[in-house]
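Student: Here it is: the structure, laid out below.
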Amino acid sequence: MSGQTLYDKIWQTHLVSGDDESALIYIDRHIIHEVTSAQAFEGLKLAGRPVWRSDSVLATPDHQVPTTDREKGKAGFVDKLALLQVSTLDDNCDEHQIAYFKLQDHRQGIVHVVGPEQGASLPGMTIVCGDSHTSTHGAFATLAQGIGTSEVEHVLATQCLQQKKCKNMRIRVEGQLQFGVTAKDLILHIIALLGTAGGTGYAIEYAGSTIQSLSMEGRLTVCNMTIEAGARSGLIAYDQVTEDYLRGCPYAPKGELWQQAVKYWRSLVSDSDAKFDKELVIRAEDIQPQVSWGTKPDQVVPVTSTVPPLTAAKDAVQRSDWQRAMQYMALSEGEAMTALKLDQVFIGSCTNGRIEDIRAVAKVVKGKQVAPSIKRAMVVPGSGLVKQQAEAEGLDKIITAAGLEWRYAGCSMCNAMNPDSLASGERCASTSNRNFEGRQGQGGRTHLVSPAMAAAAAIAGHFVDIRQVELASLGGEL
Amino acid sequence: MAAFISHQGLVAPMDRANVDTDAIMPKQYLKCIFKTGYGGWAFDDWRYLDSGDVEIDVNSRRPNPDFELNQPAYQGASILLARENFGCGSSREHAVWGIRDMGFRVIIATSFADIFYNNCFNNGILAISLTAEQIERLFGLAELGLRLTVDLDQTVIVLPDGEYMRFNIEPKRREKMLQGLDNVATTLLQREVIRIFEGQHKATHPYYFLTLR
Ligand code: SF4
């Protein structure tokens, strides 16, 4: 018998009953937020069911919280419905005694930033959240996946998920990334190769020397966007980087328990003879800074390139998809990405709202000014702790001095459920993960890029090749 | 949940690939805390000429005459026909609630995104994937007005001329749908099995059971 993949191991460890076709798997960690939990708690109440294990749940509001006026607390909400939803989460967490980082808690933030930084997402765990970007947590060698509200209710009630086992895919990235090319460019490049459905039905393990050399933040960015290639889960093997990051995190085990955990965690790698159903090898040197041109996360080109010609589409269905995307984005084939004039810049989200991302932005904008043609450029930290850390390093000062706004933590304009949004027709450089029609505001046009690329675009007023930009020496990587 | 054995209805074709859940149910409607009543908002940005919000009465908005599902020929349709990767993107179950509340019981597509596919079954919607050729054929027929019988018991789709297309579905899913079983209730039948597993899991991996504060 051949060895096991990392995914196989975690699956096996959590298999309660059933077989690969139809299994019941045990869930160790359940993270909830305001948007997809209300109906689940309501369902429990109607059926008279308790929460199975409330100490496995961690909650925080993120999707609709305002990113200004946080000192006003709930009075800072302009949207009554958003307020009601956050208050409903407050009530549900109180009632079921769920650990909860409320709006004004300094630990509040985007679920996928908060879980990792608290050490609530531990290697080898099964993790779910009613949000598709739960794949993020796989960077810690976890089996993490997004679920719908009915499944949220199911996990609250049973601590289990009904599921069919995924197939295994491994994407090996080897070599060194060029200067200015980040984890974000790497994952955009991968999605462009796979297509938005290329990963459907698979758990994707990212491996190879390039992945191993990424920081924890970079790995989180890569796993985060796994869902954009159609796969529910992305994983990265446990190693020293994982261990160093977790040591001392608030919810990580301590003392003897830490020793015991680490001993087990070190086994969380795919066996050398493990079989993958699909393998892909990518050379890091081939990857350029990326920009998305269309309305799907696989419609991506190098910044030095152009909107693709329709003749390059693989079939009629894709051609009409591209045509629709060009029309929505107000672009034509052959247009250079660097010629696109921008209206707004958004830096933040669960993809790129961590401290390293903010540092990269500060490096690019230090001593410069946002172009006058940019209506608004904002930096939204992924959590209250990221905000604190950035302020302790003085990054907020550099950022605001350059003319960018510095906000409170939340999802913000990643999905524009709060007041931060694009007006119809506005073009935006965004470090988020989805460029779908209307994602950042009805009629808004989103281009996905790395934090450094977004920052450079804010200064220039249009996209520029980050490799040509002079950076301030603040230490660390881009 | 109501049992689903077989269903007969009119097909509405939506000739687009990669229809994402942001398009199916735009963000402003995710603010609601109820589980039904989303039918008027499904495909909102495509379906109406003017923009919408929770407080705006959909009847006061102008339908977009170019949107496929607004065509008079497809009114009353209960089977939605689409292309590859239907329901990609956000996990929002509101997307399925919208399609369900619009009156659809079946979605037939070349392929579905994983989370959306699960969400369908959790709401009594039968999601069926067929080959690209079969889908192409159905699109051709749907233009002229197509009524299909979808028989879950026999796992076939019956065309008006009596010809049929067989479809695949995981046996457990089919079983649950045929009987209209509630997932949570079904899982709780294994309560003791889960408890025993949990006890062993805690003994082996105590660090996963630290209480969060
Ligand atoms: S930042 Fe964006 S993608 Fe991430 S959880 Fe929030 S809305 Fe979803």
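Student: Working only within region B:124-153, note down all residues that are open to solvent by less than 30 Å² (accessible area, probe 1.4 Å) and either more than 12 Å from B:V96 (Cα to Cα) or in contact (Cβ under 8 Å) with a residue 60 or more places away in the chain (or both).
Tutor: We begin by selecting, within region B:124-153, every residue open to solvent by less than 30 Å² (accessible area, probe 1.4 Å); these are B:124-128, B:130, B:135, B:138-139, B:142, B:146, B:148, B:150, B:152.
Within region B:124-153, B:G124, B:L126, B:I128, B:L130, B:I135, B:L138, B:F139, B:A142, B:L146, B:L148, B:V150, B:L152 meet the criteria.
Student: Can you pull out the residues in region A:387-446 that are more than 14 Å from chain B (Cβ to nearest Cβ), surrounded by 18 or more Cβ atoms within 10 Å (Cβ to Cβ) and aliphatic (A, V, I, L, M)?
Tutor: Within region A:387-446, A:A390, A:L395, A:I398, A:I399, A:A402, A:L404, A:A409, A:A429 qualify.
Student: Right, next: Going through A:A144, A:A157 one at a time, which residue ends up being open to solvent by less than 10 Å² (accessible area, probe 1.4 Å), within 16 Å of the ligand (Cβ to nearest atom) and among the aliphatic types (A, V, I, L, M)?
Tutor: On the way: A:A157 fails: within 16 Å of the ligand (Cβ to nearest atom).
When all the criteria are applied, what remains is A:A144.
Student: Pick from A:G195, A:G175, A:G138, A:G146: which is in contact with a strand residue (DSSP E or B) (Cβ under 9 Å, 6 or more places away or on another chain) and over 27 Å from B:E198 (Cα atoms)?
Tutor: Numbers: A:G195 fails: in contact with a strand residue (DSSP E or B) (Cβ under 9 Å, 6 or more places away or on another chain); A:G138 fails: over 27 Å from B:E198 (Cα atoms); A:G146 fails: over 27 Å from B:E198 (Cα atoms).
So the residue among A:G195, A:G175, A:G138, A:G146 that is in contact with a strand residue (DSSP E or B) (Cβ under 9 Å, 6 or more places away or on another chain) and over 27 Å from B:E198 (Cα atoms) is A:G175.
Student: Could you list, in sequence order, all residues of region A:54-76 that are surrounded by fewer than 22 Cβ atoms within 10 Å (Cβ to Cβ), more than 8 Å from chain B (Cβ to nearest Cβ) and either out of contact with any Pro (no Cβ under 9 Å at 6 or more places or on another chain) or assigned to a loop (DSSP other than H, G, I, E, B) (or both)?
Tutor: Correct list: A:S54, A:T68, A:D69, A:R70, A:E71, A:G73, A:K74, A:A75.
Student: Applying the selection to region B:161-175, what residues are surrounded by 12 or more Cβ atoms within 10 Å (Cβ to Cβ) and in a loop (DSSP other than H, G, I, E, B)?
Tutor: B:F167, B:I169, B:E170 - these are the residues of region B:161-175 that are surrounded by 12 or more Cβ atoms within 10 Å (Cβ to Cβ) and in a loop (DSSP other than H, G, I, E, B).
Student: May I pose another question? How about region A:254-280: which of its residues are closer than 23 Å to A:W11 by Cβ and either free of Cβ contacts under 8 Å to residues at least 24 places away in the same chain or part of a helix (DSSP H, G or I) (or both)? Talk me through it step by step, then tell me what you get.
Tutor: So in region A:254-280, the residues closer than 23 Å to A:W11 by Cβ come out as A:260-280.
Result: A:Q260, A:A261, A:V262, A:K263, A:Y264, A:W265.
Student: Report whether or not A:A23 is in contact (Cβ under 8 Å) with a residue 24 or more places away in the chain, aliphatic (A, V, I, L, M) and surrounded by 22 or more Cβ atoms within 10 Å (Cβ to Cβ).
Tutor: No.
Student: Suppose the filter is under 15 Å from A:S37 (Cβ atoms), among the charged types (D, E, K, R) and either in contact with a Lys or Arg (Cβ under 8 Å, 6 or more places away or on another chain) or part of a loop (DSSP other than H, G, I, E, B) (or both); does A:D105 pass it? Let's see the steps before the verdict.
Tutor: Numbers: under 15 Å from A:S37 (Cβ atoms): no; among the charged types (D, E, K, R): yes; either in contact with a Lys or Arg (Cβ under 8 Å, 6 or more places away or on another chain) or part of a loop (DSSP other than H, G, I, E, B) (or both): yes.
For A:D105, the condition - under 15 Å from A:S37 (Cβ atoms), among the charged types (D, E, K, R) and either in contact with a Lys or Arg (Cβ under 8 Å, 6 or more places away or on another chain) or part of a loop (DSSP other than H, G, I, E, B) (or both) - is not met.
Student: Okay, moving on. Condition test on A:I227, is it at pLDDT 95 or above, within 16 Å of the ligand (Cβ to nearest atom) and either in a loop (DSSP other than H, G, I, E, B) or open to solvent by 10 Å² or more (accessible area, probe 1.4 Å) (or both)?
Tutor: Values: at pLDDT 95 or above: yes; within 16 Å of the ligand (Cβ to nearest atom): yes; either in a loop (DSSP other than H, G, I, E, B) or open to solvent by 10 Å² or more (accessible area, probe 1.4 Å) (or both): yes.
Taking the combined requirement at face value, the residue satisfies it.
Student: Condition test on B:A73, is it away from every other protein chain (no Cβ under 14 Å), open to solvent by less than 10 Å² (accessible area, probe 1.4 Å) and either at pLDDT 95 or above or touching a Gly at 6+ places or on another chain (Cβ under 7 Å) (or both)? Break it down stepwise before answering.
Tutor: Numbers: away from every other protein chain (no Cβ under 14 Å): yes; open to solvent by less than 10 Å² (accessible area, probe 1.4 Å): no; either at pLDDT 95 or above or touching a Gly at 6+ places or on another chain (Cβ under 7 Å) (or both): yes.
Here the answer is no, as B:A73 does not meet what is asked.
Student: Can you spot a residue in region A:261-272 that is within 21 Å of the chain's Cα centre (by Cα) and surrounded by 21 or more Cβ atoms within 10 Å (Cβ to Cβ)?
Tutor: First pass over region A:261-272, keeping only residues within 21 Å of the chain's Cα centre (by Cα): none.
Taking every residue of region A:261-272 in turn, none turns out to be within 21 Å of the chain's Cα centre (by Cα) and surrounded by 21 or more Cβ atoms within 10 Å (Cβ to Cβ).
Student: Can you work out which of the residues in region B:25-52 that are among the aromatic types (F, W, Y) and touching a residue at least 60 places away in the same chain (Cβ under 8 Å) is nearest to the other protein chains (Cβ to nearest Cβ)? Walk me through it before giving the result.
Tutor: Filtering region B:25-52 for residues among the aromatic types (F, W, Y) gives B:29, B:34, B:38, B:41, B:43, B:46, B:48.
Okay, now just the ones that are also touching a residue at least 60 places away in the same chain (Cβ under 8 Å), so B:29, B:38.
Working: B:Y29: 10, B:Y38: 11 Å.
So, considering only residues that are among the aromatic types (F, W, Y) and touching a residue at least 60 places away in the same chain (Cβ under 8 Å), the one nearest to the other protein chains (Cβ to nearest Cβ) is B:Y29.
Student: Kindly list, by first and then second residue, each pair from a residue in region A:426-447 that is within 12 Å of A:F346 (Cα to Cα) to a residue that is surrounded by fewer than 24 Cβ atoms within 10 Å (Cβ to Cβ) and among the polar types (S, T, N, Q), limited to pairs with Cβ atoms under 8 Å and residues at least 6 apart or on different chains.
Tutor: From region A:426-447, the pairs are A:Q440/A:S421.
Student: Quick one: would you say A:A416 is under 19 Å from the mean Cα position of the chain (by Cα), under 22 Å from B:C88 (Cα atoms) and within 16 Å of the ligand (Cβ to nearest atom)? Write out each step before concluding.
Tutor: Numbers: under 19 Å from the mean Cα position of the chain (by Cα): yes; under 22 Å from B:C88 (Cα atoms): yes; within 16 Å of the ligand (Cβ to nearest atom): yes.
Against the criterion (under 19 Å from the mean Cα position of the chain (by Cα), under 22 Å from B:C88 (Cα atoms) and within 16 Å of the ligand (Cβ to nearest atom)), A:A416 qualifies.
Student: Ok, one more. Does A:V113 meet the test of being part of a loop (DSSP other than H, G, I, E, B), of a type in the set (V, I, T), over 26 Å from B:N122 (Cα atoms) and within 16 Å of the ligand (Cβ to nearest atom)?
Tutor: no
The values are calculated or read from the model by the stated rules, or taken from the named source; none is laboratory data. This structure is a prediction, so every number in the text was calculated from the model and none was measured. All Cβ positions, even for glycine, are placed from backbone atoms using ideal geometry, and neighbour counts span all protein chains on display. In case anyone asks, the SASA skips ligands and DNA or RNA and just uses the protein heavy atoms, side chains included. Shrake-Rupley method; radii C 1.70, N 1.55, O 1.52, S 1.80 Å.
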